[in-house]
Structures are given as structure tokens and as C-alpha cells.
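Chemist: Following this message is one structure expressed as C-alpha cells.
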């Protein structure tokens, strides 16, 4: 599971790279180290079909969630939903509605697995394939997101981790993932694959 990533670039630079706008009332957007339940910047389509960057909580909270005897805390629920397996996002109740109509992009510079950071050769930003949700309670409104995961590529497998986030680097892949006309899994299946072997450089965490 991907539970820690970094974003080292300022929001306006990211917005330019990924062709998104940022409303003044959303600034400053967070950057640095992110963990589940952190506020993270997310790129989604607005009502007019244009890309916008907004902050969301990392850990998906479905629109239908309600406190119950087994799940009284929204944050406890969200801590279980910071990743979504790409193999089941179109069928699992927690994710399937968001998969059809609320896909998003989550910018990052590097992600951590098993005490190792993975980043592109020039440390340039990329995006994770993600899903987002809007939840309305009696006293609060929560916009939240999750990172989609897949099987590991060679670099991630080399440190002994069985999963990796779905990373998108090409503009056509970003556009396809966000395309609101696509509601089935098949047109997106090619994106839900591990990154090509050799995509990432690997750096041991300074905390080890």
C-alpha cells in the first residue's frame, strides 16, 4: 500500500504543468510529506469540464457513508481507504461510483515503499491515478480522495513490496483518466498497469 508520498513543487508550477486552474480561495495548497488523512492537492474536472486543483483529505469517504455500530468514526473508515486496488475499483461498493464519475489526478514527486523513495530521473512531478468523493454530514462537508494501486514494477518489487501506485506521466494518459465520457473499465485497463520497468530511481529513506 502507498501510505506516504512527497510533493516538492509549488501549486502554481503544478497547475501550469498539468493544465489546471487554482481558485484564489484555495491557496495556498499543501505540499511536502503526505500521509493518510493529510490534506493533499487534487486535480479534477470542474462543472465546465476544465481541470481545477483543490485540496482534499487523503482517504476516501463515500457519499453514502453513515456512522453505524461497526463504523462510528469517519476517519477510521478513511484510514482503510487511502488506496484502492485497480483490479476491483469498478466493482467494490466503496469505489465503484467514484470510478465511474469522479476520477482525479493526485500530483507527487516521489512515493515511499518499504523504506525506499521512488522518483523520476529528473525529480519532475507526476500524478497518481485517483478517485474522489463528496460527503455531506450534518455539521461538516468532506471532500476526499484515494490513490489507485496495481502490481509492482521491477523497482518496487526489488525492495519486497507487492503493490505500487498507478503513476501517469503522459498528457494523453491524464486526459483519458479524467475523461467523463468513459464509465467502464475496459478503456482504462491499459492505464491500470505497473509503470514500465526502469521508470523510477530508488533512494533509501534517510530515516533508515
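The values are calculated or read from the model by the stated rules, or taken from the named source; none is laboratory data. Not measured: the values here are computed from a predicted model. Positions of Cβ are generated from backbone atoms using ideal geometry, with glycine treated the same way; all protein chains shown enter the neighbour counts.
Chemist: Being surrounded by fewer than 19 Cβ atoms within 10 Å (Cβ to Cβ), within 19 Å of residue 55 (Cβ to Cβ) and modelled with pLDDT of 95 or more is the requirement here; does residue 141 meet it?
Modeler: yes
Chemist: Residue by residue through region 22-49, note down the ones that are over 21 Å from residue 99 (Cβ atoms), at pLDDT 95 or above and outside any strand (DSSP E or B).
Modeler: Answer for region 22-49, where residues must be over 21 Å from residue 99 (Cβ atoms), at pLDDT 95 or above and outside any strand (DSSP E or B): 22, 35, 37, 38, 48.
Chemist: Something else now. Restrict the check to region 148-169 and report whether at least one residue is over 16 Å from the mean Cα position of the chain (by Cα), surrounded by 13 or more Cβ atoms within 10 Å (Cβ to Cβ) and part of a strand (DSSP E or B).
Modeler: no
Chemist: Is there any pair with a first residue in region 40-69 that is farther than 18 Å from residue 109 by Cα and a second that is loosely packed, with under 12 Cβ neighbours inside 10 Å whose Cβ atoms are under 9 Å apart and which are 6 or more apart or on different chains, and what are they?
Modeler: 45/180; 49/180; 52/23; 62/93; 63/136; 64/93; 67/73
Chemist: So which residues in region 9-28 are under 20 Å from residue 167 (Cβ atoms), touching a strand residue (DSSP E or B) at 6+ places or on another chain (Cβ under 6 Å) and surrounded by fewer than 17 Cβ atoms within 10 Å (Cβ to Cβ), if there are any at all?
Modeler: Residue satisfying the conditions is 19 alone.
Chemist: Does residue 55 qualify as being surrounded by 14 or more Cβ atoms within 10 Å (Cβ to Cβ), closer than 18 Å to residue 136 by Cα and in contact with a strand residue (DSSP E or B) (Cβ under 6 Å, 6 or more places away or on another chain)?
Modeler: Criteria met by residue 55.
Per-residue answers, yes or no, for (1) touching a strand residue (DSSP E or B) at 6+ places or on another chain (Cβ under 8 Å); (2) in contact (Cβ under 8 Å) with a residue 60 or more places away in the chain:
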| position | (1), (2) |
| --- | --- |
| 80 | no, no |
| 84 | yes, yes |
| 101 | no, yes |
| 146 | yes, yes |
| 161 | yes, no |
| 174 | yes, yes |
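Chemist: So, in region 50-71, how many residues would count as being part of a loop (DSSP other than H, G, I, E, B) and either modelled with pLDDT of 95 or more or within 30 Å of residue 181 (Cβ to Cβ) (or both)?
Modeler: 8
Chemist: Looking for whichever is outside any loop (DSSP other than H, G, I, E, B) and over 20 Å from residue 176 (Cβ atoms) here; the options are 111, 99. Which one fits?
Modeler: Being outside any loop (DSSP other than H, G, I, E, B) and over 20 Å from residue 176 (Cβ atoms) holds for just one of 111, 99, which is 111.
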